[in-house]
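Below is one structure, written out as structure tokens; the observations come after it.
The values are calculated or read from the model by the stated rules, or taken from the named source; none is laboratory data. Note that this is a predicted model, so its numbers are computed, not measured. Cβ placement follows ideal geometry from the backbone for every residue including glycine, while neighbour counts extend to all protein chains displayed. When the accessible area is computed, the model is the full protein with side chains, heavy atoms only, and any ligands, DNA or RNA have been set aside. Shrake-Rupley method; radii C 1.70, N 1.55, O 1.52, S 1.80 Å.
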Amino acid sequence: MSVFVSHRTADDAKAQALAQRLSTKHNIKCYLDHFDPVAKTTREITDLIVGRINTCTHLMALVTNATVGSWWVPFEIGVARHGDRRITSFNASTVVLPEFLTEWPVMTTDAHLDLFA
């Protein structure tokens, strides 16, 4: 099992905490979608993200209030769905999730995260 943790840059610390828990407690390999400094163009960034998602078995979208208005998180979810990856979200927001995100399991606590693992 490997998990692509989709998130907005403003939520790096929260995404790293999720990945750290999965990695240390459950020995699950995680990839955080930080932009590679080698990728300079939008095409290179897009190709890098698609490639990383395609190497993972799961995508977890970290949803926070900062996620609202993000273009990359929904893009990454679409790539994962098209690639038949297992998708879930971790809702750390106070906003109502869009209906398409409720198609998959929604986690809100560390206990949910442990069940996911």
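Among the residues of region 51-81, write down those that are under 20 Å from S23 (Cβ atoms), among the small types (G, A, S) and without any contact (Cβ under 8 Å) to a residue 60 or more places away in the chain.
Listed by number, the list holds a single entry, A61.
Can you name the condition, by its number, that S89 falls short on among (1) modelled with pLDDT of 90 or more; (2) part of a helix (DSSP H, G or I); (3) of a type in the set (S, T, N, Q)?
(2)
Would you check if there is a residue in region 34-55 being modelled with pLDDT of 90 or more, open to solvent by 30 Å² or more (accessible area, probe 1.4 Å) and not in a helix (DSSP H, G or I)?
No, that holds for no residue.
Give me the pairs, please: first residue somewhere in region 94-117 and among the polar types (S, T, N, Q), second residue anywhere and outside any loop (DSSP other than H, G, I, E, B), beta-carbon distance under 7 Å, and either six or more positions apart or on two chains.
T94/N65; T108/N91
Looking at (1) farther than 17 Å from Q20 by Cβ; (2) surrounded by fewer than 18 Cβ atoms within 10 Å (Cβ to Cβ); (3) touching a residue at least 12 places away in the same chain (Cβ under 8 Å); (4) acidic (D, E), which is the only condition D84 fails?
Checking D84 against (1) farther than 17 Å from Q20 by Cβ; (2) surrounded by fewer than 18 Cβ atoms within 10 Å (Cβ to Cβ); (3) touching a residue at least 12 places away in the same chain (Cβ under 8 Å); (4) acidic (D, E), the one that fails is (3).
Of the conditions (1) out of contact with any helix residue (DSSP H, G or I) (no Cβ under 8 Å at 6 or more places or on another chain); (2) open to solvent by less than 60 Å² (accessible area, probe 1.4 Å); (3) assigned to a helix (DSSP H, G or I); (4) not hydroxyl-bearing (S, T, Y), L97 clears all except one; give me its number.
Going through the list (1) out of contact with any helix residue (DSSP H, G or I) (no Cβ under 8 Å at 6 or more places or on another chain); (2) open to solvent by less than 60 Å² (accessible area, probe 1.4 Å); (3) assigned to a helix (DSSP H, G or I); (4) not hydroxyl-bearing (S, T, Y), L97 breaks only (3).
So V73 fits all but one of (1) farther than 19 Å from F100 by Cβ; (2) within 13 Å of the chain's Cα centre (by Cα); (3) not in a strand (DSSP E or B); what number is the exception?
With (1) farther than 19 Å from F100 by Cβ; (2) within 13 Å of the chain's Cα centre (by Cα); (3) not in a strand (DSSP E or B) applied to V73, the lone miss is (1).
Of the residues D47, D33, which single one is free of Cβ contacts under 8 Å to residues at least 60 places away in the same chain, out of contact with any Phe, Trp or Tyr (no Cβ under 6 Å at 6 or more places or on another chain) and within 11 Å of S6 (Cα to Cα)?
D33
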